[in-house]
2 protein chains.
Amino acid sequence: MPHIALPEGVPGIRSAFAFRPETAGPMCDLAEVLLRGDNTLERGERELIAAYVSDLNQCRFCQTSHSVFAALQLEGGAELVEAVKADPEHAEISEKLRALLAIAAKVRDDGRSVGEEDIERARLAGASDVEIHDAVLIAAAFCMFNRYVDGLAAWTPDEPAAYQAMGKRVVERGYLARV
Amino acid sequence: MPHIALPEGVPGIRSAFAFRPETAGPMCDLAEVLLRGDNTLERGERELIAAYVSDLNQCRFCQTSHSVFAALQLEGGAELVEAVKADPEHAEISEKLRALLAIAAKVRDDGRSVGEEDIERARLAGASDVEIHDAVLIAAAFCMFNRYVDGLAAWTPDEPAAYQAMGKRVVERGYLARV
């Protein structure tokens, strides 16, 4: 049961967006530019960072949905996403993405815990300043989205089909269509 | 020293906004609607929630700046802001605001820690669903803003005058003028 009168039958963050469209607009704009805008990081890679952070935050709605969104846009599919969440240091991803995931994990814990050595590692693996910036902001933004969903106790569907349907829509139409 | 090449001499989050205007836009829009838009919670009360959460997250830039923004817009001024950060349960604020600050502290820790009893307490003190929603989202949003600033190690000025100047601008012109 959600803590406040969110519309029934609307899953997760979308019920909060429907309840308060004034704040939904900027939040969807942020998700769209961050996860789908022009970028040297692929959309699947950015969704993977979002899924990984949401998993660390144990937000079931965001973790499940962004894992699907990542799987749909990565060559390795769901198997790779699960491997990354289980152990990013040994999953079959680039060293650059591994270094960005390590930065994201630190940001999730506390922004102040990111050290010069974490940045150096990412740079040595070829990450640009914009890529480092975006990894930091994706991690920070999901610390917001996760808390928003769980702080309101928004409805989290159990059936995998619900997430596949959301994934199809996000991949095809993006986040702006969610409001 | 910031972790990436943020513009020099621009304080805190504004340097990150200048570095990446594509993401700055939605973030400023969110701050504007959440902290300054039409609301039954006063602007000073909303800034107080932002300052309180930023203080719990130990983000010096956000904590200092939003404390000033709150003080400039609350009758009790800086003294009240400091009293709330030190001990919200005994500060001279309404029971409604006290209950909303308690919810904000739980959201900051983990969205899942908000209980039905926290919501009940806020409702009994007269909080509406929108006010509860906004307290949850302000807390969640500052978990993003705080990590964004500290995760990039953005420059945090020491001089109080710098924060007073920012406060004057935010109170007069809002967050959209920050980009």
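Miscellaneous remarks
- Condition met for B:Ala104 (modelled with pLDDT of 95 or more, under 26 Å from A:Leu137 (Cβ atoms), out of contact with any helix residue (DSSP H, G or I) (no Cβ under 6 Å at 6 or more places or on another chain) and not in a loop (DSSP other than H, G, I, E, B)): no
- Selection within the range A:148-169 - aromatic (Phe, Trp, Tyr) and either more than 8 Å from chain B (Cβ to nearest Cβ) or not in a helix (DSSP H, G or I) (or both): A:Trp155, A:Tyr163
- Selection within the range A:14-54 - closer than 16 Å to A:Arg173 by Cβ, crowded, with 18+ Cβ neighbours inside 10 Å and either within 13 Å of another protein chain (Cβ to nearest Cβ) or of a type in the set (Gly, Ala, Ser) (or both): A:Phe17, A:Ala24, A:Cys28, A:Asp29, A:Ala31, A:Val33, A:Leu35, A:Arg36
- Within the range B:1-21, residues that are under 14 Å from A:Val130 (Cβ atoms) sit with their Cβ atoms under 8 Å from residues that are of a type outside the set (A, V, I, L, M, F, W, C) and part of a loop (DSSP other than H, G, I, E, B), at 6+ positions apart or across chains, in these pairs: B:Ala18/B:Pro7; B:Phe19/B:Pro7.
- Qualifying positions in the range A:110-133 - more than 9 Å from chain B (Cβ to nearest Cβ) and in a helix (DSSP H, G or I): A:Glu117, A:Glu120, A:Arg121, A:Ala122, A:Arg123, A:Leu124, A:Glu131
- Of all residues making up the range B:47-68, the number that are closer than 20 Å to B:Asp109 by Cβ and part of a helix (DSSP H, G or I): 13
- Close contacts from the range B:135-147, counting a first residue that is free of Cβ contacts under 8 Å to residues at least 40 places away in the same chain and part of a helix (DSSP H, G or I) and a second that is surrounded by 24 or more Cβ atoms within 10 Å (Cβ to Cβ) and of a type in the set (Ser, Thr, Tyr), with Cβ to Cβ under 6 Å and a gap of 6+ residues or different chains, come to B:Ala140/A:Tyr148.
- Residue match in the range A:73-86 (condition: crowded, with 19+ Cβ neighbours inside 10 Å and under 16 Å from A:Phe145 (Cα atoms)): no
- Evaluation of A:Glu172 against (1) part of a helix (DSSP H, G or I); (2) within 22 Å of B:Cys143 (Cβ to Cβ) (one fails), failing number: (2)
- Scanning the range A:133-160 for residues that are over 25 Å from A:Ala78 (Cβ atoms), surrounded by 22 or more Cβ atoms within 10 Å (Cβ to Cβ) and of a type in the set (A, V, I, L, M) yields A:Val136, A:Leu137, A:Ala140, A:Met144, A:Leu152.
- For B:Gly9: the one exception among (1) on the phi > 0 side of the Ramachandran plot; (2) within 14 Å of chain A (Cβ to nearest Cβ): (2)
- Test: residue in the range B:67-88 that is under 25 Å from A:Phe142 (Cα atoms) and away from chain A (no Cβ under 14 Å): yes
- Of B:Glu8, B:Glu75, all but one fail to be over 11 Å from the mean Cα position of the chain (by Cα) and farther than 29 Å from A:Ile103 by Cα; the exception is B:Glu75.
- Just so you know, in the range B:88-110 the residues that are basic (Lys, Arg) and closer than 14 Å to B:Glu120 by Cα include one that is surrounded by the fewest Cβ atoms within 10 Å (Cβ to Cβ), and it is B:Arg98.
The values are calculated or read from the model by the stated rules, or taken from the named source; none is laboratory data. Model, not experiment: these values are computed from the prediction. No Cβ is skipped: glycine too gets one built from the backbone with ideal geometry, and neighbour counts run over all protein chains shown.
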